[in-house]
Each structure stands twice: as structure tokens, then as C-alpha cells.
């Protein structure tokens, strides 16, 4: 029933490790996104994909690599984790890439803590 | 200057009160505007879009002033369940790039 799902919900790991977060949407949407919400609660877009094609890449370190195997999935792989990567990562999707009133639907978030 | 600025609050108001939040945005090319709601430790969810003519959805009224680059949200007859963080969101147009404000935290007290 879940529209946008993410796994894992919580991730605690050591500095320097590599980890992945998975996202799936069952809404039939064309566009998916990754956002980061830091400790000050600012929510910032990292990437967007439309039909498996990268559209937005917002000055994110290249340790972060998104992968979209199909339009229902957008995974985020993070290499060499740093303390500053600790945040909540939200996946989202929207029906279309363009359209001024498109609603974005968010997943429940993945809480990443780097020790 | 932040692209979208909001008073972070917190706002503490009694149940039944009317409360208003404001938001300003810096990019005059912004094309669409929204209020999202985020409950504690949950994901953001769309509350309502904001149209140039102003719009209402039950107890919630949103206004947009493009000349002043200002967006507002009014909540009437507030309920305990309205307690949340309210995020002002601007779409710069094109590829669905949403820019979020820091959010205004609201607590409704019984």
C-alpha cells in the first residue's frame, strides 16, 4: 500500500564506510528525487531522475552516486562516509518532471548517523 | 540571503486560535508555491498549493503577493492536530526543483 518506500529506516555506521539507501515508488510516477534534511531541518534537493535519466545534480560531493535501474526505483550509494553526512535522507516522486503544480510525494526517510 | 525565508518559531497558540505564518522568497522567477506540513520525525506532505488569487481549503487560507515576493498561510480555529512544522516551498520552474524554507514550528495547546 505504501506509495514511496525507503530502506533502511535507520542506518548507523562508521566513518569511511560505504552504504546504500533504496527507494521504490508504486505510484507509476516518472520522476524521483533524493533530498537531504540536516540537523537544522533544512530540506535540500540532491538529485532528480526522470525515466532513469539524471536531471538535477545539486553540487553534491561525488561520493554520492544515485542509480535508477528503472523508473520505479532510485537508489543512493554513499562512499567513504563522513560525519557531515549524518542527516535524514528523503526520497520523493512526482507524476511528471514538468508542470507547475506537480505534487511531490515523500518516502518516510532514512536516518543516517555516521560515527 | 536564503532563497526561502521563514520565521522558525516556535509558535505556541491555544486551541481555537487563529495563527498566521509568513514566508519570503528571493527569486522573482519562481513559478509556483506551496505549503507542506511535516510532523515530528515524519516526511513532508503537501498541505496546499498557493495561487495568485489566494485560495482556501477548509480552515486554511494561503495568499501570494508576487510583487513583494511574499507567501502567507492562515489557520483558523486551530486544532491540536495542527501541531507540526509548516514548510514554505517554491518551485523555480522547469525541472521540478523545489526549494524549501526552514519551516515554522507550530504547537497548539489545549
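Looking across the stretch A:35-53, not a single residue is more than 14 Å from every other protein chain (Cβ to nearest Cβ) and closer than 29 Å to residue B:39 by Cα.
For the stretch A:4-55, the set of residues classified as more than 11 Å from the chain's Cα centre (by Cα) and within 12 Å of residue A:67 (Cα to Cα) consists of A:50, A:51, A:52, A:53, A:54, listed by residue number.
Yes/no per residue for (1) within 30 Å of residue A:48 (Cα to Cα); (2) more than 14 Å from chain A (Cβ to nearest Cβ); (3) surrounded by fewer than 21 Cβ atoms within 10 Å (Cβ to Cβ):
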position: B:44; (1), (2), (3): yes, no, no
position: B:56; (1), (2), (3): no, yes, yes
position: B:75; (1), (2), (3): no, yes, no
position: B:83; (1), (2), (3): no, yes, yes
position: B:88; (1), (2), (3): yes, no, no
position: B:108; (1), (2), (3): no, yes, yes
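A count restricted to the stretch A:54-87 and to residues that are within 14 Å of chain B (Cβ to nearest Cβ), assigned to a strand (DSSP E or B) and surrounded by fewer than 19 Cβ atoms within 10 Å (Cβ to Cβ) stands at 3. Elements of the type strands (runs of 3 or more DSSP E) sitting completely within chain B and holding at least 2 residues that are under 21 Å from residue A:96 (Cα atoms) and at pLDDT below 95: these cover B:32-38, B:44-50, B:84-91, B:98-100.
The values are calculated or read from the model by the stated rules, or taken from the named source; none is laboratory data. Model, not experiment: these values are computed from the prediction. Don't worry about glycine lacking a Cβ; one is built from the backbone with ideal geometry, like all the others, and counts go over all protein chains shown.
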